[in-house]
Amino acid sequence: MSVPSAAVVATGDELVTGAAVDTNSAAIAARLLENGFRIERFVVLGDDEDALASTLVDLGARCAVIVVTGGLGPTLDDVTRSAAARAMGVELTKSEASLEAIRSWFARHGRPFAASNERQAWFPLGSEILPNPMGTAPGFAGRVGGARVFALPGPPGEMVPMLEREVLPRLRSGIPLEGGLSVGRFFLFGLSEGVFADLSGAWMDRGANPLLGVTAKLGVLSATLLASGSDERDADAILAARAAEFRARFAEWIFGEAEADLAFVLGRELLARGIAVATAESCTGGLLAARLTRVPGISAVFDRGYVTYSDRAKTQLLGVEPDLLARHGAVSREVAEAMALGAAQRSGALCAVSITGIAGPGGGTPEKPVGLVWFGVHAGGATRAEERRFAVRGRDAIREFAANTALDLLRRALPRD
């Protein structure tokens, strides 16, 4: 069994200085995995011709496929073409057909053609030119060592269509897949990475098959199972067996296998079941409602959300008693419950969820520290509250954790048929 390996290289000074985030590599890796390639590594480089050329030579000795993004623009710091030519051991040559296509693109869009744009029509000698209907930077394909190299533009709106139309079809037809890979994904909430690792046990050994990996972001764990087999059918069977065990072991925390966003999982269930919901927010200031309203069609079950940042707003809009606020404070079990109940009663929704907490950086006390958040949930005619203490840095992180927690608490509390 031999599963071909692949590497993804992202280039651009903006990536290594922190001015922009590399999102291309993850998108490319996911599609390569789905098409039977094992991802060996990601590499992020600045606009450095020497570094890129040497990286391509190194990866060409290790991998079957290399996908490079970025560095195909018209300026002098766009070095992918020249670096690839050096790695391939050839010169750059101008494509008159590509130059004419670039000129036509500018004419169609009513923009002037600059002399520097001519650089985008130069390619390593012998490479295959990949058309880019969405922009001015064609890509190209060639070989370095034993690897097929594909160079694509950096903007995702150009890169993704070219990956789908130009790269993946060539890979499916051009590289024999002697083994099989199968990938499964699970998304969990309410479980720490440490506890996840303890419960997973030997499943996370680096020699395990399937190989289990996990990442965490704002309380959501993304677990990936990568099964290897003698062929695709064998890999699918290995994955299916472990996936069934995984579902049984982590049933309490799994919220999705195809969707990583709690708001979309909850929103779709609300729509499918026709359950109306309302939100009441203090420290998150409408973030929860904003997350829900990203779900298409949610207006059928989400009529309103209340942002009650002050005590006065909690009283006027949700009917929270002033005496309750005075005795317990806004960040308390009693107020969280009153907010959720008030949101349900005043909106007429069957279910409601509330958030009240201390997002910081100031305002905390020893009894009620920064990161303390109370949640109220009204569902099935009952109201309850839960407390969380988020030990994360920064106001925004606390707010995001709180929004995800509210979505998960409401998801779990929905009446079951």
Problem set entry | Neighbours by Cβ (under 7 Å, 6+ apart or cross-chain): first from region 181-192, under 22 Å from Gly36 (Cα atoms); second among the polar types (S, T, N, Q) and crowded, with 18+ Cβ neighbours inside 10 Å | Leu181/Ser228
For this session: Please name all residue pairs, on different chains or six or more residues apart, with Cβ atoms under 9 Å, provided the first residue is in region 330-353 and is more than 17 Å from Val373 (Cα to Cα) and the second residue is among the charged types (D, E, K, R) and in a helix (DSSP H, G or I).
Result: Gly342/Lys314
For this session: Taking Ala385 as the residue in question, decide whether it is in the same structural domain as Thr284 (by TED's automatic domain parsing) and over 28 Å from Ser192 (Cβ atoms).
Result: no
For this session: Kindly establish whether Leu239 is within 20 Å of Ser347 (Cβ to Cβ) and crowded, with 16+ Cβ neighbours inside 10 Å.
Result: no
Problem set entry | Candidate set: region 151-186, residues that are part of a strand (DSSP E or B) and in contact with a Leu (Cβ under 7 Å, 6 or more places away or on another chain); chosen: the one farthest from Arg62 (Cα to Cα) | Gly184
For this session: Determine which member of the set Val149, Val144, Val90 is out of contact with any strand residue (DSSP E or B) (no Cβ under 6 Å at 6 or more places or on another chain) and within 29 Å of Ala29 (Cα to Cα).
Result: Val144
Exercise. Name the pairs whose Cβ atoms lie under 6 Å apart, with the first residue in region 13-34 and closer than 15 Å to Glu158 by Cβ, the second among the polar types (S, T, N, Q), and 6 or more positions between them or separate chains?
Worked result: Asn24/Thr69
For this session: Would you check if Pro155 is within 19 Å of Leu52 (Cβ to Cβ), under 31 Å from the mean Cα position of the chain (by Cα) and surrounded by fewer than 20 Cβ atoms within 10 Å (Cβ to Cβ)?
Result: yes
Exercise. Taking region 15-53 as the search range and keeping residues that are loosely packed, with under 15 Cβ neighbours inside 10 Å and over 20 Å from the mean Cα position of the chain (by Cα), which one is nearest to Val149 (Cα to Cα)?
Worked result: Asp50
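In the list Phe246, Phe255, Phe250, which residue meets the criterion of being within 14 Å of Asp408 (Cα to Cα) and of a type outside the set (Asp, Glu)?
On the way: Phe246 fails: within 14 Å of Asp408 (Cα to Cα); Phe250 fails: within 14 Å of Asp408 (Cα to Cα).
Unique residue meeting the criteria: Phe255.
Inside region 217-255, can you point out the residues that are among the small types (Gly, Ala, Ser) and in a loop (DSSP other than H, G, I, E, B)?
Narrowing region 217-255 to residues among the small types (Gly, Ala, Ser): 219, 222-223, 227-230, 235, 237, 240-241, 243-244, 248, 251.
Scanning region 217-255 gives Gly219, Ser230, Ala251.
Residue-wise test of (1) out of contact with any strand residue (DSSP E or B) (no Cβ under 8 Å at 6 or more places or on another chain); (2) surrounded by fewer than 14 Cβ atoms within 10 Å (Cβ to Cβ); (3) within 21 Å of Thr69 (Cβ to Cβ).
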position: Arg81; (1), (2), (3): no, no, yes
position: Ser95; (1), (2), (3): no, no, yes
position: Leu99; (1), (2), (3): yes, no, no
position: Arg108; (1), (2), (3): yes, yes, no
position: Ala114; (1), (2), (3): yes, yes, no
position: Gln120; (1), (2), (3): yes, no, yes
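Going by what's in this entry, would Asp50 be described as among the charged types (D, E, K, R) and over 14 Å from Pro156 (Cβ atoms)? Spell out the reasoning first.
Values: among the charged types (D, E, K, R): yes; over 14 Å from Pro156 (Cβ atoms): yes.
When the stated conditions are applied, Asp50 passes them.
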Seminar exercise, completed: Going through region 246-257 in order, the residues found to be small (Gly, Ala, Ser) and under 24 Å from Cys351 (Cβ atoms) are Ala251, Gly256
For this session: Looking only at region 242-257, count how many residues are touching a strand residue (DSSP E or B) at 6+ places or on another chain (Cβ under 8 Å) and surrounded by fewer than 16 Cβ atoms within 10 Å (Cβ to Cβ).
Result: 2
For this session: Restricting attention to region 365-381, report how many residues are over 20 Å from Glu337 (Cα atoms) and either among the hydrophobic types (A, V, I, L, M, F, W, C) or in contact (Cβ under 8 Å) with a residue 60 or more places away in the chain (or both).
Result: 1
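Those residues that are surrounded by 21 or more Cβ atoms within 10 Å (Cβ to Cβ) and of a type in the set (S, T, N, Q), I need them from region 56-79; list them, please. Give the steps one after another, and end with the answer.
First, the residues of region 56-79 that are surrounded by 21 or more Cβ atoms within 10 Å (Cβ to Cβ): 56, 59, 63-73, 78-79.
Within region 56-79, Thr69 is the sole residue that qualifies.
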Exercise. Residues of region 26-73 being farther than 15 Å from Ala10 by Cβ, in a loop (DSSP other than H, G, I, E, B) and either at pLDDT 95 or above or among the hydrophobic types (A, V, I, L, M, F, W, C) (or both), which ones?
Worked result: Phe37, Ala61, Cys63, Ala64
For this session: Go over the candidates Arg247, Arg273 one by one and state the one that is of a type in the set (Lys, Arg) and in the same structural domain as Ala344 (by TED's automatic domain parsing).
Result: Arg273
Exercise. Within region 278-303, how many residues turn out to be surrounded by 15 or more Cβ atoms within 10 Å (Cβ to Cβ), closer than 16 Å to Ala349 by Cα and among the charged types (D, E, K, R)?
Worked result: 1
Seminar exercise, completed: The condition of being in contact (Cβ under 8 Å) with a residue 12 or more places away in the chain and part of a helix (DSSP H, G or I) holds, among Arg399, Arg384, Arg412, Arg388, only for Arg399
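The values are calculated or read from the model by the stated rules, or taken from the named source; none is laboratory data. Every value quoted in this text rests on a predicted model; they were computed, and no experiment measured them. Note that each Cβ is placed from the backbone with ideal geometry, even for glycine, and that neighbours are counted across all protein chains shown.
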